[in-house]
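Student: Please read through the structure below; I'll follow up with questions.
The values are calculated or read from the model by the stated rules, or taken from the named source; none is laboratory data. Everything numeric in this text was worked out from a predicted model, so none of it was measured. Glycine gets a Cβ as well: all are built from the backbone with ideal geometry, and neighbour counts include every protein chain shown. SASA here: full protein model, heavy atoms, side chains in, ligands and nucleic acids out. Shrake-Rupley method; radii C 1.70, N 1.55, O 1.52, S 1.80 Å.
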Amino acid sequence: MTDLQASLFIIGGAFLVGVISYNKWQEYKAKKSVERAFSGSHDDVLMTPGKAPGKDSGEAPPRHEPKLFETELDADALPRDDLEQSAEQQAIEPQLGNPAPAQAVRKDLPVDELIDCAIPLVLEAPVRGDKALPALQSLRHVGNKPIHFIGEDANGEWEPVAHGGIYSTLLAGVQLANRTNPLNEIEYSELVSRLRQIADDLGAEPDLPDMSEVMHTARSLHQFVIEHDAQLGVNIQSNGAPWAISTLLAALTRQGFDARPEGRMVMSDGEGGLLFSLSTNASAVAETTSRLTLLLDVPRVAPDRDGYGAMVACARSLAARLGGVLVDDSNQPLADVQLAEIAGQVDAFYREMDAAEIPAGSIRALRLFS
């Protein structure tokens, strides 16, 4: 080996050691930055859902201008004001055109005549729940639309069909729409065919509404879902080195976030529901990230949960702890005036859903926006 070869070998080895050392140092800095962020005695507005900044503490509103988009994958596709809806928009009032049962159906039952196509099964004689259930349980869905059955008992009260019950009338309900699509002709035809089989087994006659009326109502309801399918996002961008994901997720879990199998972190409302979620915007094999996104599924969170205020408070606390800044999808800092505009749009959004008798966070809304 010549002196030149030996020198090149030594230089190459030194360069390789330097690169490895630099990468290890960057990983160490990313991990320590997150550890420092969550090791101090910070004021824990981070995990106090429902306490919006500026309401009780006198703080100025957070610098925050969320974006509205239909799905996490389409965050850049829609303009910032997509949540605004016309104040003159009429509330949706589906009319199925099918006969209503003799007694009013309770609103807490699984068949809801606002969002379901309700089909009475008129029985020749009262039927026991034990006999009806095997037939009814064979029909749970058409397409991706759930089907439920309720029955009218001897006292004229409606209840889910159950063992031990005796029913003079049955009522089938198929959901008319969801986030994916409205009930279509093929699904409705399948429903009618299978309902006729069940009716024959139970000695009943289905009182079927006209298909064209059902399709019209299903499309109208799906249009409402499309127009109100709003998600609200807040991004936190690192001002320096990226954050170590493993350390970050562990710290967030200790602070109240729950990890989901698909990789999201979610914040519970304390009663089994979700307030908002958090994404690291990184692949499953990535070790660091420079950007976090908090997301509020607006129609699925009731106004009294203050999901918007809780999400903003969390985003501000994370930004302060991690040395980040709140930005929009174009990496522009979020301003107070933009926050106020979005807050007003959220309030208007909730009023529209109330006017349509589909309040945000209600059972109806959870079923439709699924």
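Student: Scan region 146-167 residue by residue and report those that are modelled with pLDDT of 95 or more and either of a type in the set (S, T, N, Q) or under 28 Å from the mean Cα position of the chain (by Cα) (or both).
Tutor: Pro146, Ile147, His148, Phe149, Ile150, Pro160
Student: Can you confirm whether region 213-229 contains a residue that is farther than 30 Å from Tyr188 by Cβ, in contact (Cβ under 8 Å) with a residue 60 or more places away in the chain and of a type in the set (A, V, I, L, M, F, W, C)?
Tutor: no
Student: So which residues in region 270-329 are of a type in the set (Asp, Glu) and more than 20 Å from Ile245 (Cα to Cα)?
Tutor: The answer is Glu271, Asp297, Asp304, Asp306, Asp328, Asp329.
Student: Now a separate question. Looking at Glu187, Glu157, which is the one that is at negative phi and surrounded by 14 or more Cβ atoms within 10 Å (Cβ to Cβ)?
Tutor: Result of the check over Glu187, Glu157: Glu187.
Student: Are any residues in region 331-356 outside any helix (DSSP H, G or I) and surrounded by 13 or more Cβ atoms within 10 Å (Cβ to Cβ), and if so, which ones?
Tutor: Of all residues in region 331-356, those outside any helix (DSSP H, G or I) come to 331-335, 356.
Of everything in region 331-356, those that are outside any helix (DSSP H, G or I) and surrounded by 13 or more Cβ atoms within 10 Å (Cβ to Cβ) turn out to be Pro333, Leu334, Ala335, Ala356.
Student: Assuming Val285 fulfils every condition listed in (1) touching a strand residue (DSSP E or B) at 6+ places or on another chain (Cβ under 8 Å); (2) free of Cβ contacts under 8 Å to residues at least 24 places away in the same chain; (3) open to solvent by 20 Å² or more (accessible area, probe 1.4 Å); (4) hydrophobic (A, V, I, L, M, F, W, C) apart from one, which condition is it?
Tutor: Result: Val285 passes all but (1).
Student: Within region 146-160, count every residue that is charged (D, E, K, R) and outside any strand (DSSP E or B).
Tutor: So the count comes out to 2.
Residues are listed down the side, and each one gets a yes or a no for (1) open to solvent by less than 10 Å² (accessible area, probe 1.4 Å); (2) farther than 25 Å from Arg367 by Cα; (3) out of contact with any Lys or Arg (no Cβ under 7 Å at 6 or more places or on another chain); (4) of a type in the set (D, E, K, R):
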{"position": "Gly129", "(1), (2), (3), (4)": "yes, yes, yes, no"}
{"position": "Ala132", "(1), (2), (3), (4)": "yes, yes, yes, no"}
{"position": "Glu152", "(1), (2), (3), (4)": "no, no, yes, yes"}
{"position": "Ala162", "(1), (2), (3), (4)": "no, no, yes, no"}
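Student: Picking from Val234, Val225, Val214, which residue would you name as being touching a helix residue (DSSP H, G or I) at 6+ places or on another chain (Cβ under 9 Å), at pLDDT below 95 and more than 22 Å from Pro134 (Cα to Cα)?
Tutor: Val234
Student: Among Leu326, Leu366, Leu339, which is the only one that is of a type in the set (A, V, I, L, M) and touching a Leu at 6+ places or on another chain (Cβ under 6 Å)?
Tutor: Leu326
Student: Restricting attention to region 242-249, does a residue exist that is open to solvent by less than 50 Å² (accessible area, probe 1.4 Å), under 16 Å from the mean Cα position of the chain (by Cα), over 26 Å from Phe149 (Cα atoms) and aromatic (Phe, Trp, Tyr)?
Tutor: no
Student: Report yes if Leu326 is in contact with a Cys (Cβ under 7 Å, 6 or more places away or on another chain), open to solvent by less than 30 Å² (accessible area, probe 1.4 Å) and more than 22 Å from Glu113 (Cα to Cα), otherwise no. If you could, list the steps in order and put the result at the bottom.
Tutor: On the way: in contact with a Cys (Cβ under 7 Å, 6 or more places away or on another chain): no; open to solvent by less than 30 Å² (accessible area, probe 1.4 Å): yes; more than 22 Å from Glu113 (Cα to Cα): yes.
No.
Student: Looking at Thr280 and the list (1) buried (at least 17 other Cβ atoms within 10 Å of the Cβ); (2) among the β-branched types (Val, Ile, Thr); (3) under 27 Å from Met353 (Cβ atoms), which single condition is not satisfied?
Tutor: (3)
Student: Oh, and also: Kindly indicate whether Leu318 is in contact with a strand residue (DSSP E or B) (Cβ under 9 Å, 6 or more places away or on another chain), surrounded by 18 or more Cβ atoms within 10 Å (Cβ to Cβ) and assigned to a strand (DSSP E or B).
Tutor: It is false that Leu318 is in contact with a strand residue (DSSP E or B) (Cβ under 9 Å, 6 or more places away or on another chain), surrounded by 18 or more Cβ atoms within 10 Å (Cβ to Cβ) and assigned to a strand (DSSP E or B).
Student: Would you tally the residues in region 172-205 being within 30 Å of Glu227 (Cα to Cα) and part of a strand (DSSP E or B)? Let's see the steps before the verdict.
Tutor: From region 172-205, those within 30 Å of Glu227 (Cα to Cα) are 172-192; that's our starting set.
Filter once more, so that each one left must be part of a strand (DSSP E or B): 172-175, 177, 182.
Residues in region 172-205 being within 30 Å of Glu227 (Cα to Cα) and part of a strand (DSSP E or B): 6 in total.
Student: Would you pick out the residues in region 114-145 that are within 28 Å of Glu357 (Cβ to Cβ), without any contact (Cβ under 8 Å) to a residue 12 or more places away in the chain and part of a loop (DSSP other than H, G, I, E, B)?
Tutor: Arg140
Student: Considering only region 260-286, how many residues are more than 20 Å from Asn235 (Cβ to Cβ) and in a loop (DSSP other than H, G, I, E, B)? Don't jump to the end; show me each part of the working.
Tutor: Of region 260-286, the ones more than 20 Å from Asn235 (Cβ to Cβ) are 261, 268-273, 284-285.
Imposing the further condition that a residue be in a loop (DSSP other than H, G, I, E, B) reduces the set to 261, 269-273, 284-285.
Total meeting the criteria: 8.
Student: I'm trying to understand the selection: among the residues of region 206-259, which are touching a strand residue (DSSP E or B) at 6+ places or on another chain (Cβ under 6 Å), assigned to a loop (DSSP other than H, G, I, E, B) and among the charged types (D, E, K, R)?
Tutor: Matches in region 206-259: Asp207 only.
So that you can scan it fast, the table gives a plain yes or no per residue for (1) of a type in the set (A, V, I, L, M); (2) open to solvent by 50 Å² or more (accessible area, probe 1.4 Å); (3) within 27 Å of the chain's Cα centre (by Cα):
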position	(1), (2), (3)
Gln175	no, no, yes
Arg194	no, yes, no
Ala199	yes, no, no
Ser220	no, no, yes
Leu232	yes, no, yes
Gln255	no, no, yes
Arg264	no, yes, yes
